[in-house]
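Peer 1: The structure under discussion is supplied below as structure tokens; questions concerning it will follow.
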Amino acid sequence: MAKIFSSTLLISFSIFFFSTYIKAETPVFSRNLSPSSLGLKREKLSHLHFYFHDILSGPKPSAVRVAQAAMTNTSSTSFGAVSVIDDALTMLPDNSSKVVGRAQGIYASASQSEFGLLMVLNFAFIEGEYNGSTLSVLGRNTILSTVRELPIVGGSGVFRFARGYAHVKTYTFDTKTGDAVVEYNVYAFHY
């Protein structure tokens, strides 16, 4: 009787094991999806216009140097300086204008031959249909050029899967304080 029971148990276990093994899905590292499977609809192009207030002076600056190289203070381009920012984004160039978001991130002086910044930042919007959404910027900003282009490399919320560029132009720059107001025209494809 014990032999029959153990044989039956072994057969049952074998059937269960092999049926589970055969039915189990093999883990997949990647696969192709259609955008609609994620609830994404038709892609659109949005244009956003705002002013970026980079304030280095006063009791509450929005840009603060957090690191520098040994040679930064003797460099004609401040090469090696790294700053963290939390800059207001406003509708108009006046700093009392309506705030539509914040530019939050890091910029670093990354050129030894010209004033060229590496910009790594998010535009975090707090207004209208973009409230709670972000656009991510990663690129080179040659700040003395009249017009610059910075790549939009991603986003979140409304701007999920975003790509595009920011057309950037200095509106005002105070040579004594380093404070600047910069005009941004952003063009972003997103769903």
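Peer 1: Can you send over the solvent-accessible area of ARG160, 1.4 Å probe, protein chains only, in Å² to the nearest 10?
Peer 2: Roll a 1.4 Å probe over it and ARG160 shows about 130 Å².
Peer 1: So, with +1 on the Cβ of K and R and -1 on the Cβ of D and E, and no other charges, what is the size of the charge dipole of the chain about its Cα centre, to the nearest 20 debye?
Peer 2: It comes to approximately 800 debye.
Peer 1: Measure out, as a whole number of angstrom, how far apart the alpha-carbon centroids of the stretch 133-158 and the stretch 40-55 sit.
Peer 2: 10
Peer 1: Could you estimate the translational diffusion coefficient of the chain from the Stokes-Einstein equation, with Rh from the Kirkwood formula over C-alpha pairs, at 10 °C and 1.306 mPa s, in whole µm²/s?
Peer 2: 79
Peer 1: With each pseudo-label sitting 7 Å past Cα toward Cβ, what's the ALA67-LYS44 distance in nm, one decimal?
Peer 2: Taking the two extended label points, one gets 4.0 nm.
Peer 1: So how tilted is helix 2-23 from the main axis of the chain? Cα-based, degrees 0 to 90, rounded to 10.
Peer 2: On a 0 to 90 degree scale, this one is about 30.
Peer 1: With an 8 Å cut-off on Cα pairs and a minimum separation of 6 or more residues, tell me the relative contact order of the stretch 84-155 in percent.
Peer 2: Reported as a whole number, the value is 22 percent.
Peer 1: Might you tell me the accessible area per residue for the chain, computed with a 1.4 Å probe and given in Å²?
Peer 2: I get 65 Å² per residue for this part.
Peer 1: Which whole-number percentage describes the relative contact order of the chain, with Cα contacts under 8 Å and a sequence gap of 6 or more?
Peer 2: Computed over the chain, the figure is 19 percent.
Peer 1: Further, regarding this structure: With unit charges on the beta carbon (Lys/Arg positive, Asp/Glu negative), name the residue among SER136, LEU150, ALA63 whose Cα is farthest towards the positive pole of the charge dipole of the chain.
Peer 2: My answer, from the dipole projection, is SER136.
The values are calculated or read from the model by the stated rules, or taken from the named source; none is laboratory data. All of these numbers come straight from a predicted model, not from anything done at the bench. Don't worry about glycine lacking a Cβ; one is built from the backbone with ideal geometry, like all the others, and counts go over all protein chains shown. Keep in mind that these areas ignore ligands, DNA and RNA; they rest on the heavy atoms of the full protein, side chains included. Shrake-Rupley method; radii C 1.70, N 1.55, O 1.52, S 1.80 Å.
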